[in-house]
1. If you scan region 9-63, which residues turn out to be at pLDDT below 85, aliphatic (A, V, I, L, M) and outside any helix (DSSP H, G or I)?
2. Looking only at region 159-183, which residues are at pLDDT 90 or above and under 20 Å from the mean Cα position of the chain (by Cα)?
3. Checking Phe49 against (1) hydrophobic (A, V, I, L, M, F, W, C); (2) surrounded by 18 or more Cβ atoms within 10 Å (Cβ to Cβ); (3) within 25 Å of the chain's Cα centre (by Cα): exactly one of these is not met. Which one?
4. Of a type in the set (D, E, K, R) and without any contact (Cβ under 8 Å) to a residue 12 or more places away in the chain - does that describe any residue in region 192-210?
5. For region 155-167, state whether one or more residues are polar (S, T, N, Q) and in contact with a Pro (Cβ under 9 Å, 6 or more places away or on another chain).
6. Based on this model, can you work out whether Arg325 counts as part of a helix (DSSP H, G or I) and without any contact (Cβ under 8 Å) to a residue 60 or more places away in the chain?
7. Which count do you get for residues in region 451-463 that are charged (D, E, K, R) and either at positive phi or not in a strand (DSSP E or B) (or both)?
8. Identify, please: which residue in region 464-506 is exposed (fewer than 15 other Cβ atoms within 10 Å of the Cβ) and in a strand (DSSP E or B) and is, among those, farthest from the chain's Cα centre (by Cα)?
Amino acid sequence: MISRQWHVAQYDPHDIKVMAEALDLSPLTIAVLLGRGVREIKQARQWLFDSREVGFDPFLMPDMEVAVQRLQQAVQLGERICCYGDYDVDGITATSLYLLFLRGVGAHVGFYIPERQNEGYGLNESAVRTLAQKGVKVLVTIDCGTTSYQEVQLAKSLGIDVIVTDHHQLQGPTPPFLAFLNPHRSDCQYPFKDLCSAGLAFKVVTAYVSLFGPSNLDVASFTDLVALATLADMVPLQDENRLLVRQGLDQISKGSRCGIRALRQWTGVDKECTESEVAFQLAPMINAAGRMDHGKLGVDLLTSNSMEQANRLAEHLRDLNRQRRQIEGAIFKESLKMVDCPEAQDAVVVGKRQWHVGVVGIVASRLVERFQKPAVVIAFDECGFGRGSVRSVPGLDICRVLEKCSDLLDGYGGHPAAAGLKIWEEKFPSFQQRFSSLVVAERRDKAPSTVLDVDAQVSLGQLNHRLLGELAHLQPFGVGNPEPTFMAVGLKVLEQRIVGDDHLKLVVRQNHSVPFDTIGFRMGSLDGVKKLQDHSIDLAFVPERNRWKGLDRIQLRIRDLRVSEGSRGLEC
(Lines give C-alpha, C1' and ligand atoms only; values in the text may rest on other atoms or scores of the structure.)
Protein backbone atom coordinates (compact mmCIF):
# COMPACT_ATOMS: atom_id res chain seq x y z
CA MET A 1 0.00 0.00 0.00
CA ILE A 2 1.24 3.49 -0.84
CA SER A 3 1.39 5.43 2.41
CA ARG A 4 -0.32 8.78 2.14
CA GLN A 5 -0.19 11.79 4.38
CA TRP A 6 -3.64 12.80 5.60
CA HIS A 7 -4.26 16.52 5.62
CA VAL A 8 -7.21 17.38 7.87
CA ALA A 9 -8.78 20.76 7.12
CA GLN A 10 -8.94 23.24 10.00
CA TYR A 11 -11.59 25.96 10.26
CA ASP A 12 -12.63 28.55 12.82
CA PRO A 13 -15.21 26.84 15.10
CA HIS A 14 -17.12 30.13 15.38
CA ASP A 15 -17.55 30.35 11.58
CA ILE A 16 -18.81 26.78 11.51
CA LYS A 17 -21.28 27.42 14.33
CA VAL A 18 -22.70 30.58 12.72
CA MET A 19 -23.27 28.91 9.34
CA ALA A 20 -24.62 25.71 10.90
CA GLU A 21 -27.23 27.62 12.90
CA ALA A 22 -28.21 29.86 9.98
CA LEU A 23 -28.69 26.93 7.60
CA ASP A 24 -29.85 24.35 10.19
CA LEU A 25 -27.11 21.96 9.09
CA SER A 26 -24.59 19.73 10.84
CA PRO A 27 -21.19 21.31 11.59
CA LEU A 28 -19.70 18.48 9.53
CA THR A 29 -21.69 19.54 6.47
CA ILE A 30 -20.51 23.11 6.98
CA ALA A 31 -16.89 21.89 7.18
CA VAL A 32 -17.34 20.17 3.81
CA LEU A 33 -18.78 23.36 2.28
CA LEU A 34 -15.87 25.41 3.61
CA GLY A 35 -13.51 22.92 1.99
CA ARG A 36 -15.08 23.70 -1.39
CA GLY A 37 -14.56 27.44 -0.92
CA VAL A 38 -18.17 28.14 0.13
CA ARG A 39 -17.78 30.69 2.92
CA GLU A 40 -20.90 32.87 2.77
CA ILE A 41 -24.43 31.87 3.83
CA LYS A 42 -25.94 33.12 0.55
CA GLN A 43 -23.34 31.19 -1.43
CA ALA A 44 -24.06 28.08 0.63
CA ARG A 45 -27.79 28.29 -0.12
CA GLN A 46 -27.05 28.57 -3.83
CA TRP A 47 -24.65 25.63 -3.67
CA LEU A 48 -27.12 23.43 -1.82
CA PHE A 49 -30.46 24.41 -3.25
CA ASP A 50 -29.86 26.35 -6.50
CA SER A 51 -32.37 25.28 -9.14
CA ARG A 52 -31.82 28.05 -11.68
CA GLU A 53 -31.80 27.09 -15.31
CA VAL A 54 -28.53 26.55 -17.14
CA GLY A 55 -26.66 28.90 -17.84
CA PHE A 56 -24.45 31.40 -19.66
CA ASP A 57 -25.17 33.08 -23.00
CA PRO A 58 -23.84 30.69 -25.69
CA PHE A 59 -23.09 33.63 -28.01
CA LEU A 60 -20.27 34.70 -25.68
CA MET A 61 -18.34 31.93 -27.40
CA PRO A 62 -16.57 33.13 -30.58
CA ASP A 63 -18.02 31.78 -33.86
CA MET A 64 -21.22 30.51 -32.22
CA GLU A 65 -23.47 32.61 -34.45
CA VAL A 66 -21.49 31.61 -37.56
CA ALA A 67 -21.87 27.95 -36.62
CA VAL A 68 -25.62 27.94 -36.04
CA GLN A 69 -26.29 30.13 -39.08
CA ARG A 70 -24.43 27.62 -41.25
CA LEU A 71 -26.27 24.67 -39.72
CA GLN A 72 -29.62 26.36 -40.30
CA GLN A 73 -28.65 27.13 -43.88
CA ALA A 74 -27.78 23.45 -44.41
CA VAL A 75 -31.17 22.47 -42.98
CA GLN A 76 -33.01 24.84 -45.31
CA LEU A 77 -31.04 23.75 -48.41
CA GLY A 78 -31.17 20.06 -47.57
CA GLU A 79 -27.37 19.81 -47.56
CA ARG A 80 -25.68 16.78 -46.05
CA ILE A 81 -24.32 17.33 -42.53
CA CYS A 82 -21.94 14.87 -40.88
CA CYS A 83 -21.30 14.75 -37.12
CA TYR A 84 -17.75 13.43 -36.70
CA GLY A 85 -17.29 12.27 -33.10
CA ASP A 86 -14.66 10.69 -30.93
CA TYR A 87 -15.09 7.07 -29.79
CA ASP A 88 -15.18 7.79 -26.04
CA VAL A 89 -18.28 8.51 -23.96
CA ASP A 90 -18.04 12.28 -24.45
CA GLY A 91 -17.74 11.94 -28.22
CA ILE A 92 -20.48 9.31 -28.48
CA THR A 93 -23.00 11.19 -26.33
CA ALA A 94 -22.29 14.56 -27.98
CA THR A 95 -22.66 12.98 -31.42
CA SER A 96 -25.96 11.47 -30.31
CA LEU A 97 -27.14 14.86 -29.00
CA TYR A 98 -26.37 16.58 -32.32
CA LEU A 99 -28.03 13.81 -34.32
CA LEU A 100 -31.22 13.82 -32.28
CA PHE A 101 -31.57 17.59 -32.43
CA LEU A 102 -30.66 18.04 -36.09
CA ARG A 103 -32.98 15.24 -37.13
CA GLY A 104 -35.65 16.95 -35.06
CA VAL A 105 -35.31 20.17 -37.10
CA GLY A 106 -35.37 18.31 -40.40
CA ALA A 107 -31.66 18.13 -41.23
CA HIS A 108 -30.17 15.63 -43.67
CA VAL A 109 -27.61 14.42 -41.11
CA GLY A 110 -25.43 11.39 -40.54
CA PHE A 111 -22.45 10.59 -38.34
CA TYR A 112 -18.95 9.15 -38.44
CA ILE A 113 -16.99 7.62 -35.55
CA PRO A 114 -13.43 6.52 -36.39
CA GLU A 115 -12.39 2.97 -35.57
CA ARG A 116 -9.96 3.10 -32.65
CA GLN A 117 -7.60 0.30 -33.71
CA ASN A 118 -7.12 1.23 -37.37
CA GLU A 119 -7.90 4.95 -37.58
CA GLY A 120 -7.10 6.26 -34.14
CA TYR A 121 -8.23 9.55 -32.61
CA GLY A 122 -9.55 12.53 -34.52
CA LEU A 123 -10.01 13.53 -38.14
CA ASN A 124 -8.14 11.54 -40.75
CA GLU A 125 -7.58 12.14 -44.45
CA SER A 126 -9.25 8.95 -45.65
CA ALA A 127 -12.45 9.69 -43.73
CA VAL A 128 -12.57 13.28 -45.01
CA ARG A 129 -12.25 12.10 -48.62
CA THR A 130 -14.95 9.45 -48.09
CA LEU A 131 -17.35 12.00 -46.62
CA ALA A 132 -16.69 14.41 -49.51
CA GLN A 133 -17.48 11.65 -52.01
CA LYS A 134 -20.80 11.08 -50.19
CA GLY A 135 -21.73 14.72 -50.70
CA VAL A 136 -21.19 16.06 -47.19
CA LYS A 137 -21.17 19.88 -47.18
CA VAL A 138 -20.96 20.60 -43.45
CA LEU A 139 -18.71 18.64 -41.08
CA VAL A 140 -19.20 19.12 -37.34
CA THR A 141 -16.29 17.73 -35.33
CA ILE A 142 -17.08 16.58 -31.81
CA ASP A 143 -14.43 16.17 -29.10
CA CYS A 144 -11.74 16.44 -31.76
CA GLY A 145 -10.51 18.76 -34.51
CA THR A 146 -8.57 21.41 -32.60
CA THR A 147 -5.21 20.20 -33.91
CA SER A 148 -6.37 18.80 -37.28
CA TYR A 149 -4.76 21.45 -39.50
CA GLN A 150 -4.06 19.32 -42.56
CA GLU A 151 -7.37 17.45 -42.43
CA VAL A 152 -9.40 20.67 -42.17
CA GLN A 153 -7.46 22.19 -45.07
CA LEU A 154 -8.25 19.09 -47.11
CA ALA A 155 -11.94 19.30 -46.22
CA LYS A 156 -12.06 22.94 -47.27
CA SER A 157 -10.41 22.13 -50.60
CA LEU A 158 -13.08 19.46 -51.16
CA GLY A 159 -15.93 21.91 -50.57
CA ILE A 160 -16.72 20.99 -46.95
CA ASP A 161 -17.29 23.65 -44.29
CA VAL A 162 -15.88 22.51 -40.94
CA ILE A 163 -17.41 23.49 -37.58
CA VAL A 164 -15.26 22.37 -34.66
CA THR A 165 -16.78 21.74 -31.23
CA ASP A 166 -13.95 20.62 -28.99
CA HIS A 167 -12.55 21.30 -25.53
CA HIS A 168 -8.98 20.04 -25.89
CA GLN A 169 -5.98 22.25 -25.31
CA LEU A 170 -4.83 24.36 -28.28
CA GLN A 171 -1.54 23.55 -30.00
CA GLY A 172 0.20 25.05 -33.03
CA PRO A 173 -1.52 26.98 -35.84
CA THR A 174 -5.28 27.30 -36.00
CA PRO A 175 -6.80 25.28 -38.86
CA PRO A 176 -8.97 27.13 -41.43
CA PHE A 177 -12.30 26.33 -39.78
CA LEU A 178 -15.56 27.95 -40.74
CA ALA A 179 -16.28 28.08 -37.00
CA PHE A 180 -14.12 27.09 -34.03
CA LEU A 181 -16.03 26.52 -30.79
CA ASN A 182 -13.51 25.84 -28.04
CA PRO A 183 -13.67 27.57 -24.63
CA HIS A 184 -9.86 27.50 -24.43
CA ARG A 185 -9.48 30.01 -27.27
CA SER A 186 -7.57 33.04 -26.02
CA ASP A 187 -10.31 35.36 -27.33
CA CYS A 188 -13.17 33.37 -25.81
CA GLN A 189 -15.28 35.47 -23.42
CA TYR A 190 -17.44 32.55 -22.29
CA PRO A 191 -17.10 32.65 -18.48
CA PHE A 192 -16.91 28.88 -17.88
CA LYS A 193 -14.03 27.02 -19.51
CA ASP A 194 -14.61 23.44 -18.39
CA LEU A 195 -17.53 22.20 -20.50
CA CYS A 196 -17.04 18.79 -22.06
CA SER A 197 -17.92 18.31 -25.72
CA ALA A 198 -21.48 17.22 -24.93
CA GLY A 199 -21.80 20.44 -22.92
CA LEU A 200 -20.61 22.38 -25.95
CA ALA A 201 -23.11 20.55 -28.15
CA PHE A 202 -25.83 21.52 -25.68
CA LYS A 203 -24.80 25.19 -25.97
CA VAL A 204 -24.89 24.98 -29.79
CA VAL A 205 -28.40 23.53 -29.64
CA THR A 206 -29.44 26.24 -27.17
CA ALA A 207 -28.04 28.94 -29.49
CA TYR A 208 -29.79 27.43 -32.53
CA VAL A 209 -33.16 27.46 -30.77
CA SER A 210 -32.69 31.01 -29.51
CA LEU A 211 -32.07 32.26 -33.06
CA PHE A 212 -34.48 30.17 -35.08
CA GLY A 213 -37.25 29.37 -32.64
CA PRO A 214 -38.20 26.24 -30.71
CA SER A 215 -38.29 22.84 -32.34
CA ASN A 216 -40.58 20.01 -31.36
CA LEU A 217 -37.84 18.85 -28.98
CA ASP A 218 -37.38 20.07 -25.42
CA VAL A 219 -33.75 21.23 -25.20
CA ALA A 220 -33.65 20.39 -21.48
CA SER A 221 -34.33 16.73 -22.38
CA PHE A 222 -30.75 16.50 -23.69
CA THR A 223 -29.22 17.10 -20.26
CA ASP A 224 -29.21 13.34 -19.61
CA LEU A 225 -26.64 12.97 -22.40
CA VAL A 226 -24.67 15.95 -21.09
CA ALA A 227 -24.59 14.50 -17.56
CA LEU A 228 -23.41 11.13 -18.87
CA ALA A 229 -20.55 12.75 -20.78
CA THR A 230 -19.61 15.24 -18.05
CA LEU A 231 -19.28 12.52 -15.42
CA ALA A 232 -17.43 10.14 -17.73
CA ASP A 233 -14.98 12.79 -19.00
CA MET A 234 -14.06 13.89 -15.46
CA VAL A 235 -14.31 17.61 -16.12
CA PRO A 236 -14.72 19.79 -12.99
CA LEU A 237 -18.19 19.54 -11.44
CA GLN A 238 -18.42 23.23 -10.75
CA ASP A 239 -20.58 26.09 -11.94
CA GLU A 240 -22.46 25.24 -15.15
CA ASN A 241 -21.30 21.62 -15.20
CA ARG A 242 -22.76 21.06 -11.75
CA LEU A 243 -26.13 22.43 -12.79
CA LEU A 244 -26.15 20.44 -16.04
CA VAL A 245 -25.37 17.20 -14.22
CA ARG A 246 -28.04 17.87 -11.59
CA GLN A 247 -30.67 18.32 -14.29
CA GLY A 248 -29.29 15.42 -16.29
CA LEU A 249 -29.44 12.98 -13.38
CA ASP A 250 -33.13 13.84 -12.98
CA GLN A 251 -33.66 13.08 -16.68
CA ILE A 252 -31.78 9.77 -16.38
CA SER A 253 -33.82 8.77 -13.33
CA LYS A 254 -37.06 9.46 -15.24
CA GLY A 255 -35.91 6.94 -17.86
CA SER A 256 -37.35 8.69 -20.90
CA ARG A 257 -34.49 7.74 -23.28
CA CYS A 258 -34.67 4.14 -24.50
CA GLY A 259 -30.91 3.60 -24.67
CA ILE A 260 -30.17 4.84 -21.16
CA ARG A 261 -33.16 2.95 -19.77
CA ALA A 262 -31.81 -0.25 -21.35
CA LEU A 263 -28.35 0.38 -19.88
CA ARG A 264 -29.87 0.81 -16.44
CA GLN A 265 -31.80 -2.45 -16.78
CA TRP A 266 -28.70 -4.43 -17.74
CA THR A 267 -26.63 -2.92 -14.91
CA GLY A 268 -29.36 -3.30 -12.30
CA VAL A 269 -29.66 0.46 -11.64
CA ASP A 270 -33.42 0.54 -11.11
CA LYS A 271 -33.78 3.41 -8.64
CA GLU A 272 -32.97 7.11 -8.63
CA CYS A 273 -29.66 7.35 -10.46
CA THR A 274 -26.57 8.84 -8.81
CA GLU A 275 -23.42 10.28 -10.35
CA SER A 276 -21.46 7.28 -9.09
CA GLU A 277 -23.75 4.82 -10.89
CA VAL A 278 -23.50 6.85 -14.09
CA ALA A 279 -19.70 7.13 -13.92
CA PHE A 280 -18.93 3.57 -12.86
CA GLN A 281 -21.76 1.48 -14.30
CA LEU A 282 -23.43 3.17 -17.26
CA ALA A 283 -20.48 5.05 -18.78
CA PRO A 284 -18.10 2.01 -18.91
CA MET A 285 -20.64 0.10 -20.99
CA ILE A 286 -20.78 2.92 -23.55
CA ASN A 287 -17.01 3.22 -23.48
CA ALA A 288 -16.75 -0.50 -24.20
CA ALA A 289 -18.21 0.14 -27.66
CA GLY A 290 -15.22 2.20 -28.82
CA ARG A 291 -12.68 0.21 -26.81
CA MET A 292 -13.63 -3.30 -27.87
CA ASP A 293 -15.69 -2.94 -31.05
CA HIS A 294 -16.88 0.34 -32.61
CA GLY A 295 -18.21 3.59 -31.16
CA LYS A 296 -21.09 3.42 -33.63
CA LEU A 297 -22.76 0.95 -31.27
CA GLY A 298 -22.97 3.61 -28.57
CA VAL A 299 -24.52 6.15 -30.92
CA ASP A 300 -27.03 3.60 -32.19
CA LEU A 301 -27.99 2.84 -28.58
CA LEU A 302 -28.41 6.44 -27.44
CA THR A 303 -30.38 7.49 -30.52
CA SER A 304 -32.65 4.44 -30.62
CA ASN A 305 -36.39 4.93 -30.17
CA SER A 306 -37.05 1.20 -29.88
CA MET A 307 -36.73 -0.58 -26.51
CA GLU A 308 -36.27 -3.89 -28.31
CA GLN A 309 -33.28 -2.57 -30.27
CA ALA A 310 -31.93 -0.70 -27.23
CA ASN A 311 -32.05 -3.83 -25.06
CA ARG A 312 -30.26 -5.84 -27.72
CA LEU A 313 -27.50 -3.22 -28.02
CA ALA A 314 -27.19 -2.78 -24.25
CA GLU A 315 -26.78 -6.52 -23.77
CA HIS A 316 -24.01 -6.55 -26.38
CA LEU A 317 -22.27 -3.63 -24.68
CA ARG A 318 -22.51 -5.43 -21.35
CA ASP A 319 -20.74 -8.45 -22.87
CA LEU A 320 -18.07 -6.20 -24.43
CA ASN A 321 -17.52 -4.53 -21.06
CA ARG A 322 -16.99 -7.89 -19.39
CA GLN A 323 -14.44 -8.74 -22.07
CA ARG A 324 -12.81 -5.35 -21.54
CA ARG A 325 -12.43 -6.01 -17.80
CA GLN A 326 -10.68 -9.32 -18.42
CA ILE A 327 -8.19 -7.82 -20.89
CA GLU A 328 -7.65 -4.76 -18.69
CA GLY A 329 -6.92 -6.97 -15.66
CA ALA A 330 -4.32 -8.99 -17.55
CA ILE A 331 -2.51 -5.88 -18.84
CA PHE A 332 -2.61 -4.27 -15.39
CA LYS A 333 -0.90 -7.31 -13.89
CA GLU A 334 1.75 -7.24 -16.62
CA SER A 335 2.28 -3.53 -15.99
CA LEU A 336 2.85 -4.11 -12.28
CA LYS A 337 5.59 -6.61 -13.08
CA MET A 338 7.35 -3.99 -15.23
CA VAL A 339 7.44 -1.43 -12.41
CA ASP A 340 10.64 -2.04 -10.46
CA CYS A 341 10.95 -0.23 -7.15
CA PRO A 342 8.01 2.18 -7.72
CA GLU A 343 8.87 4.26 -4.66
CA ALA A 344 12.09 5.33 -6.42
CA GLN A 345 10.33 6.32 -9.64
CA ASP A 346 8.77 9.70 -10.36
CA ALA A 347 6.34 8.37 -12.96
CA VAL A 348 5.16 5.03 -14.29
CA VAL A 349 5.83 4.62 -18.03
CA VAL A 350 5.19 1.17 -19.52
CA GLY A 351 4.57 -0.21 -22.98
CA LYS A 352 4.42 -3.52 -24.83
CA ARG A 353 3.56 -5.00 -28.18
CA GLN A 354 0.18 -6.66 -28.63
CA TRP A 355 -1.46 -4.89 -25.71
CA HIS A 356 -5.02 -3.87 -26.53
CA VAL A 357 -5.06 -0.16 -27.31
CA GLY A 358 -8.68 0.09 -26.19
CA VAL A 359 -7.89 -0.38 -22.49
CA VAL A 360 -4.60 1.47 -21.99
CA GLY A 361 -6.38 4.52 -20.57
CA ILE A 362 -8.10 2.47 -17.88
CA VAL A 363 -4.85 0.71 -16.99
CA ALA A 364 -3.09 4.08 -16.71
CA SER A 365 -5.80 5.27 -14.32
CA ARG A 366 -5.39 2.16 -12.19
CA LEU A 367 -1.63 2.66 -12.04
CA VAL A 368 -2.14 6.25 -10.85
CA GLU A 369 -4.55 4.96 -8.22
CA ARG A 370 -2.04 2.30 -7.15
CA PHE A 371 1.14 4.38 -7.05
CA GLN A 372 -0.15 7.97 -6.75
CA LYS A 373 2.13 8.98 -9.63
CA PRO A 374 1.55 10.01 -13.26
CA ALA A 375 1.25 7.00 -15.55
CA VAL A 376 1.72 6.35 -19.27
CA VAL A 377 0.60 3.07 -20.84
CA ILE A 378 1.39 2.41 -24.52
CA ALA A 379 0.23 -0.39 -26.82
CA PHE A 380 2.67 -1.04 -29.70
CA ASP A 381 1.54 -2.82 -32.85
CA GLU A 382 3.53 -5.39 -34.82
CA CYS A 383 5.32 -2.58 -36.70
CA GLY A 384 6.43 -0.85 -33.50
CA PHE A 385 3.98 2.04 -33.70
CA GLY A 386 2.45 2.85 -30.35
CA ARG A 387 -0.72 4.53 -29.16
CA GLY A 388 -0.89 5.36 -25.50
CA SER A 389 -2.81 7.08 -22.74
CA VAL A 390 -1.48 9.38 -20.04
CA ARG A 391 -3.13 10.03 -16.68
CA SER A 392 -1.95 12.70 -14.28
CA VAL A 393 -2.13 13.51 -10.58
CA PRO A 394 -3.59 16.66 -8.98
CA GLY A 395 -1.53 19.77 -9.69
CA LEU A 396 0.34 18.42 -12.72
CA ASP A 397 -0.64 19.62 -16.21
CA ILE A 398 0.23 16.57 -18.26
CA CYS A 399 -0.07 18.44 -21.58
CA ARG A 400 2.78 20.76 -20.51
CA VAL A 401 4.95 17.71 -19.95
CA LEU A 402 4.03 16.14 -23.30
CA GLU A 403 4.69 19.42 -25.09
CA LYS A 404 8.31 19.21 -23.92
CA CYS A 405 8.50 15.65 -25.28
CA SER A 406 6.91 16.53 -28.63
CA ASP A 407 10.08 15.87 -30.65
CA LEU A 408 9.90 12.23 -29.52
CA LEU A 409 6.20 11.85 -30.25
CA ASP A 410 4.25 11.32 -33.44
CA GLY A 411 1.35 13.28 -31.96
CA TYR A 412 -0.40 14.05 -28.69
CA GLY A 413 -3.36 15.93 -27.25
CA GLY A 414 -5.76 16.10 -24.35
CA HIS A 415 -6.44 17.88 -21.08
CA PRO A 416 -4.24 18.73 -18.07
CA ALA A 417 -5.41 15.56 -16.31
CA ALA A 418 -5.52 13.10 -19.22
CA ALA A 419 -4.05 12.85 -22.69
CA GLY A 420 -3.27 10.52 -25.56
CA LEU A 421 -0.06 10.13 -27.54
CA LYS A 422 1.51 8.35 -30.49
CA ILE A 423 5.13 7.19 -30.52
CA TRP A 424 7.47 4.82 -32.33
CA GLU A 425 8.99 2.02 -30.29
CA GLU A 426 12.60 3.06 -30.88
CA LYS A 427 11.92 6.40 -29.17
CA PHE A 428 10.25 4.82 -26.16
CA PRO A 429 13.36 4.54 -23.89
CA SER A 430 14.22 8.19 -24.44
CA PHE A 431 10.62 9.17 -23.78
CA GLN A 432 10.57 7.17 -20.54
CA GLN A 433 13.62 8.98 -19.22
CA ARG A 434 12.60 12.47 -20.31
CA PHE A 435 8.99 12.16 -19.18
CA SER A 436 10.05 11.14 -15.67
CA SER A 437 12.61 13.94 -15.45
CA LEU A 438 10.07 16.52 -16.58
CA VAL A 439 7.54 15.30 -14.03
CA VAL A 440 10.11 15.99 -11.30
CA ALA A 441 10.74 19.50 -12.64
CA GLU A 442 7.03 20.33 -13.04
CA ARG A 443 6.14 19.14 -9.55
CA ARG A 444 9.04 20.79 -7.75
CA ASP A 445 7.81 22.92 -4.83
CA LYS A 446 4.28 21.57 -5.21
CA ALA A 447 2.40 19.48 -2.68
CA PRO A 448 2.97 15.74 -3.20
CA SER A 449 0.15 13.78 -4.78
CA THR A 450 0.30 11.34 -1.89
CA VAL A 451 -1.51 13.85 0.32
CA LEU A 452 -5.12 12.82 1.02
CA ASP A 453 -7.36 15.77 1.84
CA VAL A 454 -9.74 15.06 4.73
CA ASP A 455 -12.70 17.30 5.47
CA ALA A 456 -12.88 16.57 9.19
CA GLN A 457 -11.99 14.10 11.91
CA VAL A 458 -15.09 12.50 13.38
CA SER A 459 -16.26 9.92 15.85
CA LEU A 460 -18.35 7.15 14.35
CA GLY A 461 -21.19 8.21 16.62
CA GLN A 462 -21.57 11.38 14.57
CA LEU A 463 -22.53 9.43 11.46
CA ASN A 464 -26.27 9.25 10.92
CA HIS A 465 -28.81 9.33 8.11
CA ARG A 466 -29.55 13.03 8.61
CA LEU A 467 -25.88 13.83 7.91
CA LEU A 468 -25.96 11.69 4.76
CA GLY A 469 -29.11 13.49 3.64
CA GLU A 470 -27.41 16.87 4.08
CA LEU A 471 -24.30 15.73 2.22
CA ALA A 472 -26.50 14.52 -0.64
CA HIS A 473 -27.40 18.16 -1.34
CA LEU A 474 -23.75 18.76 -2.24
CA GLN A 475 -23.99 16.33 -5.14
CA PRO A 476 -23.02 15.70 -7.85
CA PHE A 477 -19.52 14.76 -6.72
CA GLY A 478 -16.49 14.46 -8.96
CA VAL A 479 -13.51 16.46 -10.14
CA GLY A 480 -13.64 19.93 -8.56
CA ASN A 481 -16.26 18.82 -6.02
CA PRO A 482 -14.87 15.67 -4.39
CA GLU A 483 -16.90 13.36 -2.21
CA PRO A 484 -16.77 14.32 1.47
CA THR A 485 -13.94 12.42 3.13
CA PHE A 486 -13.75 11.99 6.90
CA MET A 487 -11.34 10.22 9.19
CA ALA A 488 -11.84 8.26 12.40
CA VAL A 489 -9.06 6.91 14.63
CA GLY A 490 -8.58 4.08 17.06
CA LEU A 491 -11.02 1.65 15.46
CA LYS A 492 -11.23 -2.01 16.41
CA VAL A 493 -11.57 -4.48 13.52
CA LEU A 494 -14.26 -7.02 14.40
CA GLU A 495 -14.23 -8.87 11.06
CA GLN A 496 -11.95 -8.94 8.01
CA ARG A 497 -12.43 -10.75 4.69
CA ILE A 498 -11.93 -10.44 0.95
CA VAL A 499 -15.02 -10.22 -1.24
CA GLY A 500 -15.64 -9.94 -4.98
CA ASP A 501 -12.73 -8.82 -7.14
CA ASP A 502 -10.12 -8.36 -4.36
CA HIS A 503 -12.21 -5.95 -2.27
CA LEU A 504 -11.39 -5.54 1.44
CA LYS A 505 -14.41 -5.93 3.72
CA LEU A 506 -14.11 -4.87 7.37
CA VAL A 507 -16.52 -4.51 10.26
CA VAL A 508 -15.24 -1.86 12.68
CA ARG A 509 -16.26 -0.28 15.96
CA GLN A 510 -15.00 2.76 17.83
CA ASN A 511 -15.19 2.42 21.61
CA HIS A 512 -18.87 1.58 22.28
CA SER A 513 -20.30 2.62 18.91
CA VAL A 514 -22.47 0.35 16.82
CA PRO A 515 -20.49 -1.75 14.31
CA PHE A 516 -20.01 -0.26 10.84
CA ASP A 517 -19.47 -2.18 7.61
CA THR A 518 -16.65 -0.87 5.44
CA ILE A 519 -15.49 -1.65 1.90
CA GLY A 520 -12.10 -0.98 0.32
CA PHE A 521 -12.28 -1.55 -3.41
CA ARG A 522 -9.25 -3.40 -4.85
CA MET A 523 -7.51 -3.17 -1.49
CA GLY A 524 -7.59 -6.84 -0.53
CA SER A 525 -4.10 -7.78 -1.70
CA LEU A 526 -2.27 -4.56 -0.82
CA ASP A 527 0.65 -4.74 1.58
CA GLY A 528 -0.15 -3.98 5.18
CA VAL A 529 -3.75 -5.20 5.28
CA LYS A 530 -3.21 -8.89 6.03
CA LYS A 531 -4.01 -9.06 9.77
CA LEU A 532 -5.75 -5.87 10.73
CA GLN A 533 -7.68 -7.57 13.55
CA ASP A 534 -4.44 -7.58 15.52
CA HIS A 535 -4.29 -3.76 15.56
CA SER A 536 -6.27 -0.60 16.14
CA ILE A 537 -6.62 1.23 12.85
CA ASP A 538 -7.40 4.70 11.52
CA LEU A 539 -9.69 5.04 8.51
CA ALA A 540 -10.16 7.77 5.92
CA PHE A 541 -13.53 7.12 4.35
CA VAL A 542 -16.60 8.32 2.48
CA PRO A 543 -19.86 7.58 4.34
CA GLU A 544 -22.63 6.26 2.10
CA ARG A 545 -25.98 4.53 2.21
CA ASN A 546 -26.02 0.83 1.49
CA ARG A 547 -29.41 -0.83 1.00
CA TRP A 548 -29.49 -4.49 1.98
CA LYS A 549 -32.66 -6.60 2.23
CA GLY A 550 -34.83 -3.48 2.20
CA LEU A 551 -32.94 -1.69 4.98
CA ASP A 552 -30.70 1.37 4.63
CA ARG A 553 -27.42 1.13 6.53
CA ILE A 554 -24.43 3.44 6.66
CA GLN A 555 -21.35 1.95 5.03
CA LEU A 556 -17.86 3.44 5.08
CA ARG A 557 -16.09 3.34 1.72
CA ILE A 558 -12.39 3.27 2.52
CA ARG A 559 -10.14 5.89 0.90
CA ASP A 560 -7.09 4.93 2.95
CA LEU A 561 -6.21 3.15 6.19
CA ARG A 562 -3.29 2.88 8.57
CA VAL A 563 -2.40 1.23 11.85
CA SER A 564 -3.07 3.61 14.75
CA GLU A 565 -0.03 5.13 16.42
CA GLY A 566 -0.84 5.07 20.12
CA SER A 567 -3.98 6.59 21.56
CA ARG A 568 -5.41 9.72 19.96
CA GLY A 569 -8.15 12.03 21.10
CA LEU A 570 -11.35 12.26 19.13
CA GLU A 571 -12.97 15.46 17.95
CA CYS A 572 -16.66 15.36 18.75
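The values are calculated or read from the model by the stated rules, or taken from the named source; none is laboratory data. Note that the structure is predicted; figures quoted are calculated from it, not measured. For neighbour counting, all protein chains shown are included, and Cβ atoms are generated from backbone atoms with ideal geometry for every residue, glycine included.
1. Result: Val54, single match.
2. To start, the set of residues in region 159-183 that are at pLDDT 90 or above comprises 159-166, 178-183.
Hits for region 159-183 are Thr165, Asp166, Asn182, Pro183.
3. Only one criterion in (1) hydrophobic (A, V, I, L, M, F, W, C); (2) surrounded by 18 or more Cβ atoms within 10 Å (Cβ to Cβ); (3) within 25 Å of the chain's Cα centre (by Cα) is unmet by Phe49, namely (2).
4. yes
5. Narrowing region 155-167 to residues polar (S, T, N, Q): 157, 165.
Among the residues that remain, those that are also in contact with a Pro (Cβ under 9 Å, 6 or more places away or on another chain) are: none.
No, the conditions are met nowhere in region 155-167.
6. Details: part of a helix (DSSP H, G or I): yes; without any contact (Cβ under 8 Å) to a residue 60 or more places away in the chain: yes.
Judged against the criteria, Arg325 is a match.
7. Selection size over region 451-463: 1.
8. In this case the residue turns out to be Leu494.
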